[in-house]
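Asks: Here it is, the structure, as C-alpha cells.
Values in this text are rule-based calculations from the coordinates and carry no lab data. None of these values were measured; they are calculated from a predicted model. Here the Cβ positions follow ideal geometry from the backbone for every residue, glycine too, while neighbour counts run over all protein chains shown.
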Amino acid sequence: MAVSLETVNVLRLFSSTTTFFYLLIPALTLWYIYFRISKKRFYELLSKIDGPSGLPLLGNALEFIGDPHTTFKILYERSFEFEFGKPIKIWIGPRVVVFLTDPRDVEVILSSHVHIDKSPEYRLFEPWLGDGLLISTGEKWRAHRKLIAPTFHLNVLKSFISIFNKNSRAIVEKMRKLGDREFDVHEYMGEATVEILLETAMGVDKKTQDREASEYVISVMKMCDILHLRHRQIWFRPEVIFQFTKYAKAQERFLSIIHGLTNKVLQVKKSEYEKRKKELLDHEPEFNIQDKSEDLKTEKAEVKVEEIKSNKPEETVIGHSYGQAAGLKDDLDVDDDIGEKKRPAFLDLLIESAENGVVLTDKEVREQVDTIMFEGHDTTAAGSSFFLCLMGTRPDIQEKVVEELNTIFKGSDRPCTFQDTLEMKYLERCIMETLRMYPPVPMIARQIKEDIVLPSTNAIVPAGCTIVIGTFKLHRNPTVYPNPDEYNPDNFLPEKSANRHYYAYVPFSAGPRSCVGRKYAMLKLKILLSTILRNFHVRASKNQTEWQLQADIILKRTDGFRITLEPRKKTKLVA
C-alpha cells in the first residue's frame, strides 16, 4: 500500500511532538522533586501553620478574584474557621502569605529594626513615589526617616493650626450649600485633606495657584484609584499587561501633573531659601553678640507668651496618645527644641535639612513630598469619613461630643487652638475607637528575610514569606475588646488602656516604621471634625451592620459614605 508524503510528514511531526512531551514530563517531575527537596525545611515549617486548603499550583489565588466587597467579606469570614489569634497561612500560587492577629506576634514584626522591608505589592507605587519613605529600606530609609521625623514634631505642627482651621471652614461652607441632600462625605474629606497637605507639606496656597492646585488635588485622588484597582485586580499588576491598558495612559497624565507641580514648587522654595540664606550672610557682620542675645531673649519671651496663653504647662501634651497605644513610644515622641516659628512647611524643612549636612537630591526631596501627600491624604480622608458615618448612626455619642465642644468653646465662634485640642478628650476617644473598628490601613505587609519565631504558638515562619498583620481583625480581638463589633469610645478610657498590650492597637502601625504623620493626622482630624460637628447634626440612613466594606490599600465603604447634614444653628460659620 502506498503511503503519501503528506502522511509521512504528519507521522514525523507526531513522533517529534510525542518525544518532546515524553522528555518534558519527566524533566518537570524531576525539577519539582528537586524544588521540594531543596525547600524541604521551608515546607515542613509551613505545614505546622494552619490555613485553608487550596488548589494545586494556584493555592487560594482564586479567592482573591471578585468584587472588592465580596473578596473582603469572604476572606474575613473564612478567617474565623481557625482559632482566633493563631497565625494563618494562605498560598497564592507559589507565594505564601502568613497572617498575624496576636499582639505578641505583631510586636515581633513591628518592633524589629530587621524586618522593615515592605511586601512586593508596594512596588506599584514606584512610578509615583519613587524610593520615598513608604517603599525604601535599609540605610537609605533609616537616614531619611531620621531626617523627616523631627519635621512632624508637635511644636512644628502647632504652626499648621491656622491652616487646619481655614480649610475646615472652607469645607463646611461647601457642605452648607448641599442643604439636606444625602451625599458621599468621602469626596469632601478627600478634597479637604489634600488641600491641607498642599499648604502644610508643600507650602502652596491654593489661592495663589488655584488652577494647578485643583488639578493636583484631582490627580492625587485619581492616582489612588488606579493603585487601588491594580492591587485589587491582580492581572493589572504586571507592567507588560498594564502598559497596554487605558489606565497606564491615565497614570502617565496624572503623574505629569503631580510631579510637575512638585518640581515647580521645589524650584521656587529652593530659590527662596537661597535668597534668605544670602540675606542672612550679607547682614551677619552687622550683628554682634549682644544683638544675638537680644534676639534669643525675644524668641524665648514669645514662647513664654504662648505658654501663658495656653493656661497649661507643656507637660499636658505628655500622655496624649495621638493615635497610638498608651505608653508606646517612637521617634515622634523624642523631646527636642524645634521651634514652631522657625519651620513653616515640610518642604522647607527638607530643603533646610539637606543644606545642613544631609545630602538629598531634588528627586529624593520630591519623592518624600509625594509620599507624604499620598499617605496623609487617603488615610485621613477614610478615617474622617468613617467617623462622621458613625456619628450619624450613634446620635447619643454625637451629642456627647458636642457637649464637650460646647464646654470648651462656650458658644464662641472663635477658631480652634492647640490647647482646645488637648481638652477634646471624648472626641479623641471617639476618633481612636473609629480607628480601632475601621483602621484606614486594614493590613500591614512585610517581606521577611530571616526566620522568625512566633510567641503565640512557637511556630517558625521561614525567610522568604510575606507577613501580613491583619489590623482590622487584630483590633476586634474579643479578649482585648469586649463586644468588639460595638462602637464604644470608652474602650480608650485610661483605666481600660493601661493594661492592654501595646501592639493590640496599631492604626498607624508602630515601632521603627510607624506612620511619621501620626500626630499630624490626629491634630488635623480633631480640628476638622470638631469644626463640622460645631456646625451640623450628622445623620446616616444605614446602620453599621448594613455597611459594605472593601480593603484595597485603604479600608473604604463599597456602598459609599453617605450622610445628611442639618445646621445646628443659623449663625455665622464657626471654625
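Asks: Among the listed pairs LYS118/LYS524; LYS222/LYS246; LYS118/LYS363; LYS146/LYS519, give every one whose C-alpha distance is greater than 24 Å. Numbers along the way, then the final one.
Replies: Working: LYS118/LYS524 27 Å; LYS222/LYS246 13 Å; LYS118/LYS363 21 Å; LYS146/LYS519 16 Å.
Listed pairs above 24 Å: LYS118/LYS524.
Asks: Ok, one more. Out of residues 5 or more away from VAL96 or on other chains, whose amide H comes under 5 Å of its own, with H placed 1.01 Å from N in the peptide plane?
Replies: THR466
Asks: Return the sequence-ordered ³J(HN,Hα) values of region 154-160 in whole Hz as given by the Karplus equation 6.51 cos²θ - 1.76 cosθ + 1.60 applied to θ = phi - 60°, using x for Gly and Pro.
Replies: 4, 5, 5, 5, 4, 6, 8
Asks: For a quick protection proxy, order the peptides 117-127, 524-534 by their average other-Cβ count within 10 Å, most packed first.
Replies: 524-534, 117-127
Asks: Right, next: Using modelled backbone amide H atoms (1.01 Å from N, in-plane), which distant-in-sequence or interchain residues come within less than 5 Å of PHE536's amide H?
Replies: When sequence neighbours closer than 5 places are left aside, the close amide H contacts are ARG568.
Asks: From Cα pairs below 8 angstrom and at least 6 apart in sequence, can you work out the relative contact order of region 214-286, rounded to a whole percent?
Replies: Value for region 214-286: 35 percent.
Asks: Working out 0.36 nm times the residue gap between LYS275 and ARG169, then minus their Cα-Cα distance, what length gain in nm do you get to one decimal? Provide the component values of the computation, followed by the final result.
Replies: Numbers: separation 106, 0.36 × 106 = 38.16 nm, distance 3.39 nm.
Going from the current span to full extension adds 34.8 nm.
Asks: Could I ask something else about it? Past 21 Å, Cα to Cα: identify those pairs from LYS158/LYS526; LYS249/LYS269; LYS73/LYS526; LYS174/LYS400; LYS425/LYS496, in the order given.
Replies: Numbers: LYS158/LYS526 13 Å; LYS249/LYS269 30 Å; LYS73/LYS526 31 Å; LYS174/LYS400 25 Å; LYS425/LYS496 15 Å.
Long pairs (Cα-Cα over 21 Å): LYS249/LYS269; LYS73/LYS526; LYS174/LYS400.
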